[in-house]
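Structure first, commentary second.
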Amino acid sequence: MSIKKLVLVSILGLITITTLAYALIVALPNNQQVKTIQAKNTALKMKLPKTNSKIKVKASEQTTIQLAQPLINKFFTVYETYGTSTEYYARTKKLANVAVPAVLENKKLFGSDKDVSGNSYIDTSGLHVKTTAVDFYPSSSNDSTTSGLTVMEFTGEFKDKGASTGQMIWNVTYDRKLNKISNVTYVGTEYPMASSVAVAD
């Protein structure tokens, strides 16, 4: 396996683990795992919007969507932008006014960055991750809530290595009364450079 491919696999492992709160050290997938990922490729892509058009809604519902969008943008920009362990753990504090406690306390979203030796995987590997774009596609909306898919583009790189890119897909719900994001559920991650998709079971 080339160095470039090995670095890409390592980055994909960390991003998936960050969102699903599994161990931060991941072995390379075996042939069966690769086949499973590839088999789910079509299912995930079918969930992605075909265009940038939004659903047609009445004025009050449109207001809910408009209130949700900047919070969703901020959440995912902060969520997937860090370069040290300190920055990684500081995310929940930065998002205290953006999401409800249940989201911020969800260990599947905000897990540990410790490796099997108890060291920070982020610090020891020199990992830097940055959100580059966030798009929200509402699928259900009323006067008090709006829900839909959020597609977040990101770059990730280790020290002395080139950057890789990908897209993470989430189901998100915004509560207008609380003016906060009330639910975030991981859907999957697409890696344009890897020609395969990892999705939540």
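Tell me, in nm to one decimal, what length is gained between Thr84 and Asp115 on full extension, where the rule is 0.36 nm per residue of separation less the Cα-Cα distance?
Values: separation 31, 0.36 × 31 = 11.16 nm, distance 1.41 nm.
Additional length available on full extension: 9.7 nm.
Where a ≥ b ≥ c are the square roots of the eigenvalues of the C-alpha gyration tensor, would you call segment 58-201 rounded, which needs a/c under 1.5, or, failing that, prolate if a/b is larger than b/c, or oblate?
prolate
Can you give the direction-averaged projected area of the convex hull of the alpha-carbon atoms in segment 120-178, in nm²?
Details: hull surface 21.6 nm².
Spelled out: convex hull of the Cα atoms, projected over all directions, averaged, 5.4 nm².
Between Lys107 and Thr155, with labels modelled 7 Å along Cα→Cβ, what's the label distance in nm to one decimal, could you check?
Each label point lies 7 Å from its Cα, and together they span 3.4 nm.
Return one whole number: the accessible area per residue of segment 57-201 in Å², for a 1.4 Å probe.
Numbers: 6730 Å² over 145 residues.
Result: 46 Å² per residue.
The values are calculated or read from the model by the stated rules, or taken from the named source; none is laboratory data. Bear in mind the structure is a predicted one, so any value in this text is a computation, not a measurement. With ideal geometry, Cβ positions are generated from the backbone for all residues, glycine too; neighbour counts draw on all protein chains shown. Keep in mind that these areas ignore ligands, DNA and RNA; they rest on the heavy atoms of the full protein, side chains included. Shrake-Rupley method; radii C 1.70, N 1.55, O 1.52, S 1.80 Å.
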